[in-house]
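Worksheet: one structure, shown below.
The values are calculated or read from the model by the stated rules, or taken from the named source; none is laboratory data. No experiment lies behind these values; they were computed from the predicted model shown. Heads up, the Cβs are rebuilt from the backbone with ideal geometry, glycines too, and the neighbour counts pull from every protein chain shown.
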Amino acid sequence: MSLNKVRYFILLRRAGKILVYLPFLAACLMPYPAHAGENATLTGSVQEMNGKPVQGAEVSVYTGPNVRGTADFISPRTDSNGKYSIVLPQGRYWAVARVRQGSEQFGPLMTGDKHSGDPVEIELTQEVQQVNFTVADLKEAAALSEKKTSENTVVIRGSILDGNGNPVKSAYAFANRTREVPEIPDYLSSWVDEKGQYTLFLPRGKYFLGYATAFPPGPHAVFYKEIMLDRDARNIDMIMPDK
């Protein structure tokens, strides 16, 4: 075989290899769609402790673990089967389910409202991801939270009373790490019950304890006392001075 023929044969083989790899190279070079899972659907159900589906619940979704303020996303209300569905950008979220009797969508809960307790951390990376919630009323939730309390958490209870010793019905307790009033304190109780009683679940440490009659508290916040907590505490009453 002449040298020219050998060179021609080598070129053909090289050309053949290129033709074989062309489909693979084309597939690699084709532009991918902008993250096929850019949006995802969070779906699931909301039920009571006895397994009964809850109609009219909302799933509030936050981009951070602080779930006391306005939610970043709120699902439509659950249907008669307790089902909800909401489309979100993929990412990490914290979600809670709530059933409110009134029109307010954030702030302390009222007696009769229900919620799912501690927020659920969700890594939303699938096109459809299911997360179910169980809601309970305030007394049931307090009992559940107390059972779940770790050795690093304390329970503090008391009442918010007026100068005559009568319960203040439109108030809630809060605990903050500093004396400065933030937009939303570090820890909030629910609105007090008919006896003016509140419950707070706190990590051990030093706090500035207070109360407010509006949400967000703003100028309505009253720091009542500084307290060091290393164990459960009861009968920590706060007296609202007469105006």
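Worth a mention:
- A single entry from G163, G107 fulfils the requirement of being part of a loop (DSSP other than H, G, I, E, B) and either within 23 Å of L229 (Cα to Cα) or at pLDDT 75 or above (or both): G163.
- Scanning the range 65-92 for residues that are within 20 Å of N39 (Cβ to Cβ) and without any contact (Cβ under 8 Å) to a residue 40 or more places away in the chain yields A71, D72, F73, I74, S75, P76, G91, R92.
- Taken over the range 198-222, the criterion of being in contact (Cβ under 8 Å) with a residue 40 or more places away in the chain, part of a strand (DSSP E or B) and surrounded by fewer than 17 Cβ atoms within 10 Å (Cβ to Cβ) is satisfied by P203 alone.
- Hey, E194 of a type outside the set (K, R) and either touching a residue at least 24 places away in the same chain (Cβ under 8 Å) or not in a loop (DSSP other than H, G, I, E, B) (or both) or not: yes
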